[in-house]
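First the structure, which I've put down as structure tokens, then a few questions once you've had a look.
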Amino acid sequence: VPVAEDASVGTVVALLSVRDRDSGANGRVRCALWPAAPFGLVATLSGSYSLVLREALDRERVSEYEVEVRAEDGGAPALRGRLAVRVPVSDVNDN
């Protein structure tokens, strides 16, 4: 679903759920976003994250973003996973 270019900072763009069936440190998962701007990840509940808007969008400058969510558990060696998220930006001021 496209995000309107006039969406407010803090708008939730997507909800993500990450889990690892291990217990203890091996079951703890950390997530990061790359590249982050103009989005950020906010941990909401255990294993749940919101992809949120951190900066104003301008469709004329960038019409679509592709960000990667990177997850890593606390094991040694750590297990890693990646997920690409495509975020199209919809125009609101064209006639």
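For residue 73, all conditions in the list (1) modelled with pLDDT of 95 or more; (2) in contact with a Lys or Arg (Cβ under 8 Å, 6 or more places away or on another chain) hold save one; what is the number of the exception?
(1)
Turning to a different aspect of this structure: Output the residue which, of all residues in the range 12-23 that are open to solvent by 50 Å² or more (accessible area, probe 1.4 Å) and not in a strand (DSSP E or B), is farthest from residue 86 (Cα to Cα).
Residues of the range 12-23 open to solvent by 50 Å² or more (accessible area, probe 1.4 Å): 12, 15, 17, 19, 21-23.
Narrowing the set further to residues that are not in a strand (DSSP E or B) leaves 19, 21-23.
Working: 19: 21, 21: 27, 22: 29, 23: 32 Å.
Filtering the range 12-23 for residues that are open to solvent by 50 Å² or more (accessible area, probe 1.4 Å) and not in a strand (DSSP E or B), the one farthest from residue 86 (Cα to Cα) comes out as 23.
The values are calculated or read from the model by the stated rules, or taken from the named source; none is laboratory data. Nothing here was measured: the structure is a model prediction, and the numbers come from that model. Don't worry about glycine lacking a Cβ; one is built from the backbone with ideal geometry, like all the others, and counts go over all protein chains shown. Accessible surface is based on the protein model in full, side chains and every heavy atom, while ligands, DNA and RNA are left aside. Shrake-Rupley method; radii C 1.70, N 1.55, O 1.52, S 1.80 Å.
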